[in-house]
Amino acid sequence: MSHSHNGVTSIDGQPCLNFASNDYLGLSQNQEVLQSYVEGLAQYGAGAGASSVVSGYIKPHYELENLICELFNKPAALLFSSGFAANQAIVAALFANGHNDDAIVCDKLMHASFIDSALAQKAKLLRFKHNDLNHLSSKLKLASGNTLVATEGVFSMDGDMGELAAIAKLATVRAPKLDSFTTQKSVHSVHTMLMVDDAHGFGVVGKNGLGVCDLDEVEPNDIDVIMATFGKAIGTAGAFVACSEALADYFVNFAKHYIYSTAVGPAQALASIKSIQIMQQSHLRERLHENIAHFRTLALEHDLPLLRHKRRDANTATAAGAQALGATINTSEYSSSAIQPILIRPQNDSGGISQENLCVRASKALMALGIFVPAIRTPTVPKGMERLRVTLSAVHTKKDIEALIDALCISRTQLGW
Ligand SMILES: *Cc1c(COP(=O)(O)O)cnc(C)c1O
């Protein structure tokens, strides 16, 4: 695949409209971002040259961390080379000296980078059904030691949002929070921390584009660890963790992915700063949300089987409260994020084809029409939930989206779903 430009990419030499990228605002191609990158290269060179704890940490890192602290109103932030590394590091560092009665309680649909690290710890891994608060409560009852509760902001495969405000309430009711588990390990007191991975929300949702922490119903101070990547809507690479000073100090001393890894390239850090500024100040997010609305309207008009979500208003008391105050909360049962899953199903007369094969065939049929929409298969999604996953971007035009809808309808006729 060659690089993507204005929503067009090329696969094996065939040009196609790209509905498979997480570059939701097109910032990876933004001239000002590229200019910052180039200036950063000229000023600081191609790489950091060492780990942050040796000599790799310089001014652009400090400035990017500071910007994150300001935006999220958190006292500290740390940069990681990727979101994958950040998630692995957070879990591993928090539970490195853990006990068997410690627990990691997380949404069933958490990203592989989190789950893999959680499985490797002594702590119990307790997964609650997606966005199911009753199930979360029952899992919390099984957790007697230090507990990390984790969810995503915008879920990567479903495009819906974690019930963060309600989860925060459950987590605080259970036990007092502490800056770091380790500070009180010796007296074996029990603490609960809440973490959110907002890889797909950062730059996309919220008043200021900061993600789910920026929604009316969520209080960022209730969340101990906010993690997101710069590799998606920000269009560069690397990731951040925003937290308390004590927790950041702890990670600097115990998170191996931080200590034993070369610092993020300084030029990349500068480009990320520029990109975040553009994300906040430009009309790109507005354009993205217009595209999302356009796609949703057309898809529903054409009876395309968009994935249905549990309605937030039915689940969250705080959402109802916020609505009474006139705040805007998405209560639709369809995704309001850039991620739009289409749950195509074989019809009775499609010759016994499996859901997975149908998705792969539909993706190929779309490609033949010049439209790139990936098929998402198991184990990324549960069996029977294989799907087409459309991701929208601010760089798509209305016509691009109409071409996508047409192609989906043609593939439906061709394959009988
Ligand atoms: C992409 C993603 C990550 C990993 O981020 P990278 O910076 O790409 O390594 C972590 N969590 C979620 C939910 C993601 O979608």
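The values are calculated or read from the model by the stated rules, or taken from the named source; none is laboratory data. Note that the structure is predicted; figures quoted are calculated from it, not measured. Cβ coordinates were reconstructed from backbone atoms using ideal geometry, including for glycine residues, and neighbour counts include every protein chain displayed. Surface accessibility is based on the protein's heavy atoms, side chains included, excluding ligands, DNA and RNA. Shrake-Rupley method; radii C 1.70, N 1.55, O 1.52, S 1.80 Å.
Computed values, structure above
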read-out	value
Peptides ranked, highest mean first, by Cβ atoms within 10 Å: ranges 127-136, 18-27	18-27, 127-136
Test item: Cα-centred dipole of segment 1-113, Lys/Arg +1 and Asp/Glu -1 on Cβ, debye	80
K207/D303 FRET efficiency (R0 35 Å; Cβ-Cβ; nearest 0.05)	0.60
Rounded Å value of the spacing that divides the Cα centres of segment 282-306 and segment 134-156	32
Residue-normalised accessible area of the chain, expressed per residue, 1.4 Å probe, Å²	41
Fraction of accessible area attributable to carbon and sulfur, the chain (%, probe 1.4 Å)	52
FRET efficiency, D222 to I58 (Cβ-Cβ, R0 45 Å, nearest 0.05)	0.85
Residue-averaged 222 nm ellipticity for the chain, from DSSP H runs of 4+ at -39500 (n - 2.57), nearest 500	-12000 deg cm²/dmol
Student exercise, the chain dipole from Lys, Arg, Asp, Glu Cβ charges, in Debye to nearest 20	900
Span from the segment 216-256 Cα centroid across to the segment 76-115 one, whole angstrom	11
Charge dipole of the chain about the Cα centre (unit charges at C-beta), most positive-ward option of W417, M161, I223	W417
